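Engineer: Provided herewith is a single structure, encoded as structure tokens, for subsequent inquiry.
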Amino acid sequence: MVEQTWRWYGPDDRISLQDIRQTGATGIVTALHHIPNGEVWSVNEISQRKTIIEEAGLSWSVVESVPVHEEIKKQTGQWQEHIANYQQTIRNLGQCGIHTICYNFMPVLDWSRTNLNKAFDDGSLALIYEQKMLAAFDLFILKRPNAAKDYPEAIQKEAEAYFNSMDADEIENLTNTIIKGLPGAEESYSLKQFQEVLDAYQHIDDKTLQKHLLDFLNAIIPVAEESGVRMAIHPDDPPWGLFGLPRVVSTLEDALTITKTIDSEANGLTLCTGSFGAGHFNNLSEMAKELAPRINFAHLRNVKRDTDYNFREEYLFEGDVDIYEVLKTIIEEEERRKKEGRKDFSIPVRPDHGNQMLGDIGKDNNPGYSLYGRMKGLAEIRGLELGIRRSLINY
Ligand code: DNO
């Protein structure tokens with residue numbers, strides 16, 4: 001079976017390692033969130049965390065994420081020193097026997113949503129992204145200079161009407177949802193700071209950011225190879241530019257540029273079906289096939305789009321992504337790697353976000369990281385995998 005994993009936010013996570021064991025996951029996906037971005041993760045810190053995980057009968061399969069310092073993305077300030085630190089963290093993780101690292105290259109914000117508690121008909125709560133809400137924040141709360149040119153007129157009007165309907169709590173809620181940092185983001189801003197960090201990217205377009213990413217990869221991939229570590233870049237979420245910021249991992253073409261320019265198995269991807277899947281221009285079944293040899297880690301979740309730039313997170317088998325096709329491709333790729341005799345054939349898979357449901361509701365959840373919602377996702381992945389393996393000859 002593929003390695004079934006679960007994201008755990010560390011000892012403060014309300015969902016304990018003992019709870020995780022009952023979900024069926026065997027691998028843990030986690031990070032040393034207390035170490036500031038840009039600093040080296042020492043062997044000592046890594047080993048301590050690893051011991052806690054192993055004492056609970058689990059293994060630390062994937063790091064998500066070793067954050068890339070903003071100065072590396074902009075190539076300003078101490079960026080070379082941050083790269084040297086990143087290289088050392090890779091060596092240290094390799095030495096501790098942790099072989100897969102997920103990271104992203106999204107400037108300023110990690111993932112973005114506009115409502116974290118959208119009620120479904122069945123009473124569960126989901127994460128959604130609505131363009132008019134994002135525009136309402138951008139145009140009327142942040143008041144970013146020249147923001148209007150980034151939205152069609154119809155959206156600007158909807159955003160204005162929406163903004164005029166909001167009360168103070170709703171304004172605060174939307175603001176916090178966008179700039180206070182969703183789990184894993186490691187950065188959080190006030191409105192003023194947010195505008196300042198956006199300004200710092202004014203002269204960095206997609207091409208320049210892509211060059212900075214490729215420079216970063218040229219520096220770290222040889223180190224990853226020597227350390228027995230596979231890198232897995234996470235796509236942009238959502239896969240289009242926000243607040244005038246550049247984007248580099250949004251489409252199949254972006255992913256192919258990254259994997260072909262630095263041609264190494266250590267230079268791979270996190271196939272996040274929800275992040276790529278939010279883009280109406282992305283066909284996940286095709287992308288999985290095309291990118292298969294470079295999938296080093298997968299996040300399985302689904303999304304339902306209602307316009308080109310609005311989506312809600314959905315139950316695994318109910319959105320726009322054909323999860324069956326994607327998982328089948330991942331399983332076939334694992335089998336191909338095994339036949340090649342590769343020791344690192346494994347493609348760890350984790351259920352990504354899940355609705356808050358049943359006993360999750362009212363608990364202090366990391367948005368998206370519910371217990372029952374994700375357990376449902378994982379159970380569906382496990383069943384689907386068994387079915388795929390049993391029905392494919394020779395597996
Ligand atoms: C959201 C996640 C992201 C992702 C990072 C990877 O739930 O998918 O936080 O982990 O962007 O670096």
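Engineer: How are the C-alpha pair distances of the chain spread across 10 Å bins, as whole percents from the shortest bin up?
Structural biologist: For the chain, the pair-distance distribution reads 5, 23, 34, 27, 9, 1, 0.
Engineer: When a/c is below 1.5 the answer is rounded, else prolate if a/b is larger than b/c, else oblate, so apply that to the stretch 94-218 with a ≥ b ≥ c taken from the square roots of the Cα gyration tensor eigenvalues.
Structural biologist: Verdict is oblate for the stretch 94-218.
Engineer: Another question, if that's okay. Which percent of Cα-Cα pairs in the stretch 171-328 sits in each 5 Å bin, short to long?
Structural biologist: All Cα pairs, binned at 5 Å, distribute as 2, 8, 15, 18, 19, 17, 12, 6, 2, 0 percent.
Engineer: To continue, here is another question. Between the stretch 354-386 and the stretch 204-218, what is the separation of their alpha carbon centroids in Å?
Structural biologist: What the calculation gives is 36 Å, centre to centre.
Engineer: Please state the shape class of the stretch 205-267: rounded when a/c is under 1.5, otherwise prolate if a/b exceeds b/c and oblate if not, all from the C-alpha gyration tensor.
Structural biologist: Taking the square roots of the gyration eigenvalues as a ≥ b ≥ c, the stretch 205-267 is prolate.
Engineer: Which value, in Å² rounded to 10, gives the accessible area of Arg247 with a 1.4 Å probe and all protein chains present?
Structural biologist: Around 30 Å² of this residue is reachable by solvent.
Engineer: Right, something else. What helices in the chain pass both tests, a Cα length along the helix axis of 15 Å or more and a mean Kyte hydropathy of -0.5 or higher, using whole DSSP H runs?
Structural biologist: 168-179, 206-227, 372-391
Engineer: While we're looking at this one, here's another question. Skip the ligands, DNA and RNA, and give the accessible area per residue of the stretch 190-276 with a 1.4 Å probe, whole Å².
Structural biologist: 36
Engineer: May I pose another question? Would you kindly find the accessible area of Glu225, with a 1.4 Å probe and non-protein molecules such as ligands, DNA and RNA excluded, rounding to the nearest 10 Å²?
Structural biologist: Counting only protein heavy atoms, Glu225 exposes about 100 Å² to solvent.
Engineer: Additional query: Asp263 to Asp167: FRET efficiency via 1/(1 + (r/R0)^6), r the Cβ-Cβ distance, R0 51 Å, to the nearest 0.05?
Structural biologist: 0.40
Engineer: Nearest 5 percent is fine: what portion of the DSSP beta bridges confined to the chain is antiparallel?
Structural biologist: If I count the DSSP bridges inside the chain, around 30 percent turn out antiparallel.
Engineer: Alpha carbon centre of the stretch 221-282 versus the stretch 140-195: separation in Å?
Structural biologist: After rounding, the separation between the Cα centres reads 26 Å.
Engineer: So, one more: R0 = 30 Å: FRET efficiency of Asn44 with Glu253, Cβ-based, nearest 0.05?
Structural biologist: E between Asn44 and Glu253, to the nearest 0.05, is 0.10.
Engineer: How would you order 201-210, 120-129 from highest to lowest mean count of nearby Cβ atoms within 10 Å?
Structural biologist: Highest-to-lowest ranking by the protection proxy: 120-129, 201-210.
Engineer: For n ≥ 4 DSSP H runs only, could you compute -39500 (n - 2.57) per run for the chain, divide by its residues and tell me the 222 nm figure to the nearest 500?
Structural biologist: Taking each H run of at least 4 residues, the total per residue is -13000 deg cm²/dmol.
Engineer: Also, I was wondering about something else. So if I take the centroid of the Cα atoms in the stretch 85-138 and the same for the stretch 1-46, what is the distance between those two points in Å?
Structural biologist: 15
Engineer: Hey, got the dipole for the stretch 156-314? About the Cα centre, +1 on K and R Cβ, -1 on D and E Cβ, debye to the nearest 20?
Structural biologist: With only Lys, Arg, Asp and Glu charged at Cβ, the dipole is about 380 debye.
Engineer: Please calculate how many Å² of accessible area the stretch 36-91 carries per residue, with a 1.4 Å probe and no DNA, RNA or ligand atoms counted.
Structural biologist: For the stretch 36-91, the solvent-accessible area averages 43 Å² per residue.
Engineer: Let me ask you something else. What is the percent carbon and sulfur in the accessible area of the chain, measuring with a 1.4 Å probe over the protein chains and ignoring ligands?
Structural biologist: 48
The values are calculated or read from the model by the stated rules, or taken from the named source; none is laboratory data. Quick caveat: nothing in here was measured; it's all calculated off a predicted structure. Because the Cβ atoms are built from the backbone with ideal geometry, glycine has one as well, and the counts that use them run over all protein chains shown. Accessible surface is based on the protein model in full, side chains and every heavy atom, while ligands, DNA and RNA are left aside. Shrake-Rupley method; radii C 1.70, N 1.55, O 1.52, S 1.80 Å.
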